[in-house]
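What follows is a single structure, written as structure tokens, with notes after it.
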Amino acid sequence: MFEKLVNTDKELFLYLNNLGSETWDPFWLAITHEYTFAPLYGLLLVLIYKKRGLQSLAVSLIIIVLMITFTDQMTNVVKHSVQRFRPCRAEGVMEHMRYIAARCGRYGFFSGHSSNTMAAAIFGGLILRPFYKKAIYLLMIWSLIVAYSRIYVGVHYPLDLLCGLTFGALSGFGFFKLFVYIAKRRGLPTF
């Protein structure tokens with residue numbers, strides 16, 4: 001059963017990865033680059049400041065740093081525990097795929113890009129939900145696009161992404177609950 005799941009994951013990866021073309025490569029390389037969305041993060045922080053105030057922004061920044069550190073480090077712990085080679089390093093896969101990423105790390109399960117972006121999407125979407133009800137959906141779509149970019153450039157399997165997105169969603173929700181707890185303790189406006 002497990003072997004069948006892994007084989008299906010590889011087949012789906014090869015199918016999706018080979019849909020790419022040189023025409024779209026620069027676009028997906030930009031999407032997968034971690035600094036491409038710095039303006040989006042900046043906008044979210046500005047909106048938190050405008051809608052919730054300076055103290056809420058300060059608490060949010062501390063929690064965001066903790067959240068990204070947590071998701072990033074947990075991703076690394078799992079990667080080094082599971083030790084599943086990335087597609088760009090896996091024999092039987094790398095010979096049949098398109099690889100356009102700048103580098104190919106050793107292990108890929110699960111995706112740090114997916115966990116970090118989904119955690120940010122859930123956290124930011126929930127913080128701003130009283131003011132922008134649909135923002136969370138747009139942020140989640142953005143996270144899914146970033147996740148797909150990891151298949152496109154050849155560094156993650158679909159299961160790497162699914163697990164990263166799930167872990168990120170749970171982390172984003174947990175850190176949002178931490179924000180609410182701290183906001184109540186400090187007398188800041190809550191939801």
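The values are calculated or read from the model by the stated rules, or taken from the named source; none is laboratory data. Because the structure is predicted, anything quoted here is derived from the model rather than measured. Neighbour counts run over all protein chains shown; Cβ positions are idealised from the backbone, glycine included. Protein only, heavy atoms only, side chains kept; ligands, DNA and RNA dropped before computing areas. Shrake-Rupley method; radii C 1.70, N 1.55, O 1.52, S 1.80 Å.
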With a cap of 13 neighbouring Cβ atoms within 10 Å, and only residues DSSP puts in a loop, list the trypsin sites (Lys or Arg not before Pro) found in region 40-145.
103, 106, 133, 134
Quick one: accessible area per residue over region 87-132, 1.4 Å probe, rounded to a whole number of Å²?
42 Å²
In the chain, lysine pairs with alpha-carbon atoms under 25 angstrom apart (chain gap of 8 or more, or interchain)
14
Extended-chain gain in nm, criterion 0.36 nm per residue less alpha-carbon gap, residue 182 and residue 19
54.1 nm
By residue number, which cysteines of the chain lack any other Cys whose Cβ falls under 4.7 Å from their Cβ?
163
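Given Cα pairs under 8 Å that are at least 6 residues apart, what percent is the relative contact order of region 61-191?
Working: 181 pairs, mean separation 41.9, N = 131.
Computed over region 61-191, the figure is 32 percent.
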Tally Lys and Arg at +1 and Asp and Glu at -1 over the other residues with C-beta under 10 Å from the C-beta of residue 116: what net charge comes out?
-2
Can you list the chymotrypsin sites (Phe, Trp or Tyr not before Pro) in region 107-180 that are in a DSSP coil and have 14 or fewer other beta carbons within 10 angstrom?
131
May I ask for the longest run of the chain untouched by GluC sites (Glu not before Pro) that are loop-located per DSSP and have at most 13 neighbouring C-beta atoms (other than their own) within 10 Å?
92-191
May I ask you to list the residues of region 125-159 whose amide nitrogen lies under 19 Å from a point 7 Å from Cα along the Cα→beta-carbon direction of residue 90?
147-159
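What 222 nm value per residue comes from the helices of the chain, counting each DSSP H run with n ≥ 4 as -39,500 (n - 2.57) and dividing by all residues, nearest 500 deg cm²/dmol? Could you put the intermediate results ahead of the total?
Values: 7 runs with 132 residues, N = 191.
Calculated mean residue ellipticity at 222 nm is -23500 deg cm²/dmol.
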Size of charge dipole - the chain - debye, nearest 20, with Cβ of Lys, Arg +1 and Asp, Glu -1, no other charges
1040 debye
Considering only protein heavy atoms and a 1.4 Å probe, what is the carbon-and-sulfur percentage of the accessible area of the chain?
66 percent
Along the Cα→Cβ direction, 7 angstrom out, place labels at residue 72 and residue 133. What is the inter-label distance in nm?
3.6 nm
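Assign one of three labels to region 41-81, namely rounded, prolate or oblate, based on the Cα gyration tensor with a ≥ b ≥ c the square roots of its eigenvalues; rounded applies when a/c is under 1.5, prolate when it is not and a/b is larger than b/c, and oblate otherwise. Could you put the intermediate results ahead of the total?
On the way: a/c = 6.17, a/b = 3.02, b/c = 2.04.
In terms of gyration-tensor shape, prolate.
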Filtered trypsin sites (Lys or Arg not before Pro), region 147-191: DSSP coil and at most 13 other beta carbons within 10 Å:
186
